[in-house]
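The next block holds one structure in the form of structure tokens; read it before the comments.
The values are calculated or read from the model by the stated rules, or taken from the named source; none is laboratory data. What you are looking at is a predicted structure, and each value in this text was computed from that prediction instead of being measured. FYI the Cβ positions are ideal-geometry reconstructions off the backbone, even for glycines, and counts take in every protein chain you see.
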Amino acid sequence: MFPDQFLFGVEVMLNGLMAGVLYALVALGFVLIFKASGIFNYAQGVMALFGALTLVGIMDGQVPFAHLINSVFGTDVHHFGWHVPAFLSILLVMVVMVGLAWCVQHFIFRHLVGQEPIILFMATIGLAYFMEGFGDMMWNSEIKKLDIGIPQGGSMWIEEATSFLGGTNFYGFFIDKLEIVASLVAIVLVIVLVAFAQYTKQGRAMRAVADDHQAALSVGISLSFIWVLVWSLAGFVALVAGIMWGAKSGVQFSLSLIALKALPVLMLGGFTSIPGAIVGGLIVGVGEKLFEFLIGAPFLGGATENWFAYMLALVFLVFRPQGLFGEKIIERV
Amino acid sequence: MFYRESGDFSETYPADSQTFPIKFDRYRYYAVLVVAFLIIPFIINDYWANAILVPFLIYAIAAIGLNILVGYCGQVSLGTGGFMAVGAYACYKLMTTFPDVSIMFHILISGGITAAVVTLFGLPSLRIKGFYLAVATLAAQFFLVWLFNRVAWFYNYSASGQINAPDRTVFGHLVTGPNTDAWAKYMICLVFLTFAGIVARNLTRGSLGRKWSAIRDMDIAAEIIGVNPLSAKLSAFAISGFFIGISGALFFSVYLGAVEVGEAFGIQKSFLVLFMIIIGGLGSVFGSFAGAAFMVLLPVLLKNVLVGGLGWDTALAAHLEFVIVGALIIIFLIAEPHGLAQLWRVAKEKLRLWPFPH
Amino acid sequence: MKRLATVTVAAVMAAAPVMADLVFPSLSYRTGAYAAGGIPFADGYADYMTLLNERDGGIGGVMTRILECETGYNTEKGVECYEATKGEGSLVYQPLSTGITYQLIPKVTADNIPMHTMGYGRTSAANGKVFSNVFNYPANYWNGASLVVNHLLDLNGGDIKGKKVSLVYHNSGYGKEPIRTFEELAKKHGFELTLLAIDHPGQEQKSQWLQIRRERPDYVTMWGWGVMNQVAIQEAINIKFPMENFIGVWWSGSENAVLPAGDGAHGYKAITFHNVGSDFPVFGELAKYVVDAGKAAGAGDQIGTAIYNRGFYAAMLAAEAVKTAQKIHGVADITPAMMRDGMEALEITEAVMTDLGMPNFGPSFKVTCENHGGPGTGAVAQWDATNKKWSLISDFAGSDMSVIQPLIDADSAAYAAENGMEARCN
């Protein structure tokens, strides 16, 4: 038997860990692109939204650009009237994401090689605007339900197995099944990514590009191929994040704002480190939930989560300006 | 042909180092001032003032402020929305606490208060650099918005947390509140913008501006040649904050009249102002104007063309607006990464030689 | 460039009014984070006006015209829309956003155009003595808070002393409005109130719902909008909070809020000030004259949803106010100032609603110079997840004006003092 307050704290922490895994998932997409091309991709959140929208659209057989077609041609089409199974739809969306990656590389960043980071950053904001409008135009802006069979709701098993720990006020730990699934998926995804980077030819080429563009070019690695590759991978990661978040809240515009949750994670973990993104995500998830539990809700009137992660990251950065796992910044004149 | 400089000789050093050394440029500048001060106020109507010119002028002030920080001193900030909120709330508290003092002073003092807050949040810049700093300033953005939403003292304990600008006058003319004439709103913003533009231009070409540029180009090298990074960076934060505070105060009191912090000064505002200076041109006062004009006018123009002119459905037009704005940003960056100001410079060079470029 | 300028000029020219008509601006939002709520309202508003044109040839022989302007729930765009539309003889503004409402209150008053904020906006605008041009009949947030508490009283046989009630609110002006009323009511009835703020957009609410799970309040009530609604309902299902003890305000009581949660949302309640469903004669006419003619606004798939009905109801009240104004002033093509008079003299009775094919669609009420807030009545609707529809589980009943009226008087007096206004209606 433990005091209830302590158990509640543990419960908050466990939930923080789960939330942290989701943050890490979004942050991972940023890291992949930043490492390989030095682009800070603000559009990552919109890519998650776009991926989820496309997935729902394909699953429900929505006609793309229905609104535009209807108002230009005076027709009245909305649905093809078929339903595509989830697995097949995910594959199709992956194809779309690869196509998107190719377009991004071919039409935008190919022309911006060698520009300053802030210019590249702005270009991704332009891309975010573009995709936001494009996604809405393609699939309309109503809320859509995303159901690919992920279980939801508190896990009864964990609740019952842990309820003996506390007194009558304690129900057992609450952990959302969706978040357990999300964590498992995230862990598998990270392992696959690391294995890919470590053991495949393309993966090694990717790391070579991340280390040194010119050296990589000189040994015959195609930069543009690698960049399409990392954008595709980032698109894929975004899709997974979009599915996990979309399953909870429906697929709608606010999904694109999850990018904001990933920024403090990046600051903490460092822009260039995959393990950093994961550890950073966990720290932010646990930190903000515990702060809200211990200080925010009782003393500050709540809703502190939005800024706490940033403040935490700021404090960390003052002591380690390159983030926890970032490469040491060496400045030479 | 159009752009003559023959016969245009500078006989003194001040004449040579003035802002517009070419006579034609100087006259054009005077012409713009005359049009802005003496013609537009007489022909302006409510729509042009409230929907186009006043927001343009106010955003131009904010853009000048941010450009000092990002364009001249190289410290990327994403806290502009939060800093504008400081100006707005400072102005509100001053207006309601000291109703007898002129609003001109309130706006200037709001700028001063904002400068202090921004300097405080600028302290980490001494250690954190580049994108890490940009994300760190987001901490200020989110924290300030939360603070103004949370602490009821800032909004005088009103039920919904909205703040409303009471009526205030300058020289007997209303400048805030619903009964303000279009020209009065326009004029007060224009006066502050002119002031901001002249101050910014002269600061940035003086010794302070050169220090900022040195820090921007490489802060370690700047330190070695004797620029104190502490004073240079913090002065950039303070002066930038002063202008941003003024723009926030005007945004609340003159333009909107009632604001809610999360909605009016959210993260979107920070990005919007950053857009303006990058589209307009980093490190250029003219660029701040051009960028603000671009980002304010383009959506209104697109809306009027698509909805008003072509009779499109508003939803479709709004989506297409996003697509077009996004595409234009990308196209601009590809065509000219240094912004509209650079395009303008190139155009001037061409005009000087036209029609005999060789 | 020159061609672009020509197009713009042509655009401005084309937008100018060509003939006398009744202009209803619709400051809608079909994009952005709150689009899912904005679309049905705008559709309902437009469809009713189309119905009047198609079936009756307008109102009193003058055609109606909807002037739609996209705000994206953004105040600056709201200002632009207001300035762009006010010159066209716009009769009444309904911005469907508390932020834009606060923005427009002084402006419409200065321009003498009425504004109708039905179930949102500034609650104390119910006091017509101070707010001459703002109307929020038939009910406002504070009525809503009281209606929620009344429902709790009903459930508990009139005694909720010591019960724990949590208010989950959107951390903005909109969400904060009812807090003071809830606090007063908590004092009066002796229940314990816990406030839980959720920041825009409300995608992440785990902490708040874990807190609810820990504290186990007897009832949870919600002031949410946009994605916050469906996330809250999903989280409530996750912690197995009994849905029948979870009561939302009308803005949290739409299909968008409950549908994504599926069967789990069965039993969720929301208060409403108008009737639900499409089981009214008027919807038959709507199908005949508007939908089948291909003139429905938007995608035409929203008819009968809760917020569509609200837009439809708002348009009905606006049209009735036009009729009243036409009667008072004896002209068919009325001005905004006449519209204001019409709204102030509006009387909706059961007979009027039955005539319109909308029996029992909303309360019967009469607007007066002093009272712009209507009766403040409402009913409780419950969600049936199997049939996917809302149904009323109570009659329309009044709210506790003995608590609300002093609050309205105090808040409007503060506004009047701040702006140096004299009381009207003497």
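Residues of segment A:247-272 being in contact with a Pro (Cβ under 8 Å, 6 or more places away or on another chain) and either more than 9 Å from chain C (Cβ to nearest Cβ) or not in a helix (DSSP H, G or I) (or both), which ones?
A:G250, A:G269
So which residues in segment B:150-207 are within 14 Å of chain C (Cβ to nearest Cβ) and of a type in the set (K, R), if there are any at all?
B:R150, B:R168, B:K185
Could we say that B:A136 is within 11 Å of another protein chain (Cβ to nearest Cβ), assigned to a helix (DSSP H, G or I) and without any contact (Cβ under 8 Å) to a residue 24 or more places away in the chain here? Explain how you work it out, then say what you get.
Working: within 11 Å of another protein chain (Cβ to nearest Cβ): yes; assigned to a helix (DSSP H, G or I): yes; without any contact (Cβ under 8 Å) to a residue 24 or more places away in the chain: yes.
Answer is yes for this residue.
Only helices (runs of 4 or more DSSP H) wholly contained in segment B:218-287 count here; list those with 1 or more residues that are closer than 29 Å to C:T101 by Cβ and within 14 Å of chain C (Cβ to nearest Cβ). Spell out how you get there, then give the answer.
Values: elements: B:219-224, B:229-250, B:261-264, B:267-280.
The helices (runs of 4 or more DSSP H) meeting that bar are B:229-250, B:261-264, B:267-280.
I'd like the full set of residues that are at the interface with another protein chain (Cβ under 8 Å from one of its Cβ atoms) and either touching a residue at least 60 places away in the same chain (Cβ under 8 Å) or under 24 Å from the mean Cα position of the chain (by Cα) (or both), limited to segment B:112-133. Let's see the steps before the verdict.
Taking segment B:112-133 and keeping what is at the interface with another protein chain (Cβ under 8 Å from one of its Cβ atoms), we get B:124, B:127-132.
Correct list: B:P124, B:K129, B:G130, B:F131, B:Y132.
For segment C:248-298, how many residues meet the condition of being of a type in the set (G, A, S), assigned to a loop (DSSP other than H, G, I, E, B) and in contact (Cβ under 8 Å) with a residue 40 or more places away in the chain?
Going through segment C:248-298, the residues of a type in the set (G, A, S) turn out to be C:248, C:252-254, C:257, C:261-262, C:264-265, C:267, C:270, C:277-278, C:284, C:287, C:293-294, C:296-298.
Next, only the ones that are assigned to a loop (DSSP other than H, G, I, E, B) stay: C:253-254, C:267, C:277-278, C:293-294, C:296-298.
Right, trim to in contact (Cβ under 8 Å) with a residue 40 or more places away in the chain and you get C:253-254, C:267, C:277, C:293, C:296-298.
The qualifying residues number 8.
All but one of (1) touching a strand residue (DSSP E or B) at 6+ places or on another chain (Cβ under 8 Å); (2) acidic (D, E); (3) closer than 26 Å to B:Y155 by Cα hold for C:E76; state the number of the condition that does not hold.
Of everything listed in (1) touching a strand residue (DSSP E or B) at 6+ places or on another chain (Cβ under 8 Å); (2) acidic (D, E); (3) closer than 26 Å to B:Y155 by Cα, C:E76 misses just condition (1).
Quick check on my filter: what residues within segment A:66-124 are at the interface with another protein chain (Cβ under 8 Å from one of its Cβ atoms), over 28 Å from B:L306 (Cβ atoms), over 19 Å from the mean Cα position of the chain (by Cα) and not acidic (D, E)?
Listed by number, the residues that qualify are A:L112, A:Q115, A:P117, A:I118, A:I119.
Evaluate segment B:78-93: report whether one residue or more is more than 14 Å from the chain's Cα centre (by Cα), surrounded by fewer than 24 Cβ atoms within 10 Å (Cβ to Cβ) and in a helix (DSSP H, G or I).
Within segment B:78-93 (the criterion being more than 14 Å from the chain's Cα centre (by Cα), surrounded by fewer than 24 Cβ atoms within 10 Å (Cβ to Cβ) and in a helix (DSSP H, G or I)), the answer is yes, since at least one residue qualifies.
Can you tell me which residue is nearest to the chain's Cα centre (by Cα) among those in segment A:136-153 that are buried (at least 22 other Cβ atoms within 10 Å of the Cβ) and more than 9 Å from chain B (Cβ to nearest Cβ)?
A:L146
Collect the residues in segment A:301-333 that are over 18 Å from B:A134 (Cβ atoms), part of a helix (DSSP H, G or I) and more than 7 Å from every other protein chain (Cβ to nearest Cβ), keeping them in residue-number order.
Selection gives A:F308, A:F319.
Got a number for residues in segment C:187-212 being over 25 Å from B:W146 (Cα atoms) and free of Cβ contacts under 8 Å to residues at least 60 places away in the same chain? Before you say what the answer is, go through the steps one by one.
Of the residues in segment C:187-212, the ones over 25 Å from B:W146 (Cα atoms) are C:187-192.
Pick out the ones that are also free of Cβ contacts under 8 Å to residues at least 60 places away in the same chain and you get C:187, C:189-192.
Qualifying residue count, segment C:187-212: 5.
Scan B:I239, B:I215 and give me the residue that is farther than 21 Å from A:P117 by Cα, crowded, with 20+ Cβ neighbours inside 10 Å and within 23 Å of the chain's Cα centre (by Cα).
Working: B:I215 fails: farther than 21 Å from A:P117 by Cα.
After applying the criteria, what remains is B:I239.
Just one of A:V192, A:V185 is under 23 Å from C:E204 (Cβ atoms), of a type in the set (V, I, T) and out of contact with any Pro (no Cβ under 6 Å at 6 or more places or on another chain); which is it?
Working: A:V192 fails: under 23 Å from C:E204 (Cβ atoms).
Within the list A:V192, A:V185, the selection yields A:V185.
For the structure I just gave you, tell me whether C:N112 is within 14 Å of another protein chain (Cβ to nearest Cβ), surrounded by 23 or more Cβ atoms within 10 Å (Cβ to Cβ) and over 18 Å from the mean Cα position of the chain (by Cα). Lay out the reasoning, then the answer.
Values: within 14 Å of another protein chain (Cβ to nearest Cβ): yes; surrounded by 23 or more Cβ atoms within 10 Å (Cβ to Cβ): no; over 18 Å from the mean Cα position of the chain (by Cα): yes.
So C:N112 does not fit the description; no.
Select from segment C:51-71 the residues that are in contact with a strand residue (DSSP E or B) (Cβ under 6 Å, 6 or more places away or on another chain) and farther than 27 Å from C:G330 by Cα and write down the one among them that is nearest to the other protein chains (Cβ to nearest Cβ).
By that ranking, first place goes to C:E68.
Can you find even one residue in segment B:146-160 that is touching a residue at least 24 places away in the same chain (Cβ under 8 Å), under 26 Å from B:F271 (Cβ atoms), assigned to a helix (DSSP H, G or I) and under 23 Å from the mean Cα position of the chain (by Cα)?
yes
Hey, does segment A:287-297 have a residue that's more than 10 Å from chain B (Cβ to nearest Cβ), small (G, A, S), in contact with a Pro (Cβ under 8 Å, 6 or more places away or on another chain) and without any contact (Cβ under 8 Å) to a residue 40 or more places away in the chain?
no
Table: residues versus (1) part of a helix (DSSP H, G or I); (2) at pLDDT 90 or above; (3) away from chain B (no Cβ under 12 Å).
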position: C:G44; (1), (2), (3): yes, yes, yes
position: C:M49; (1), (2), (3): yes, yes, yes
position: C:Y73; (1), (2), (3): no, no, no
position: C:P106; (1), (2), (3): yes, no, no
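Take segment A:36-52 and flag every residue that is over 20 Å from B:L272 (Cα atoms) and of a type in the set (F, W, Y).
The one that is over 20 Å from B:L272 (Cα atoms) and of a type in the set (F, W, Y): A:F50.
Between a first residue in segment C:145-170 that is over 30 Å from B:R150 (Cβ atoms) and free of Cβ contacts under 8 Å to residues at least 40 places away in the same chain and a second residue that is of a type in the set (K, R) and not in a helix (DSSP H, G or I), which pairs have beta carbons less than 8 Å apart while being 6 or more apart in sequence or on different chains?
Going by the 8 Å Cβ cut-off, the qualifying pairs are C:N156/C:K163.
Return the residue satisfying two criteria in turn: it lies in segment A:154-172 and is buried (at least 19 other Cβ atoms within 10 Å of the Cβ) and out of contact with any Leu (no Cβ under 9 Å at 6 or more places or on another chain), and of such residues it is nearest to B:L328 (Cα to Cα).
A:G154
Of all residues in segment A:15-53, which are polar (S, T, N, Q) and under 30 Å from A:A215 (Cα atoms)? Before the answer, list the steps.
Filtering segment A:15-53 down to residues polar (S, T, N, Q) leaves A:15, A:37, A:41, A:44.
Those that are polar (S, T, N, Q) and under 30 Å from A:A215 (Cα atoms): A:S37, A:N41, A:Q44.
Please state which of the following conditions B:A293 fails to meet, knowing it meets all the rest: (1) within 13 Å of chain C (Cβ to nearest Cβ); (2) surrounded by fewer than 24 Cβ atoms within 10 Å (Cβ to Cβ).
(1)
Working only within segment C:325-352, note down all residues that are out of contact with any Ser or Thr (no Cβ under 9 Å at 6 or more places or on another chain) and β-branched (V, I, T).
Within segment C:325-352, C:I328, C:V331, C:I334, C:T335 qualify.
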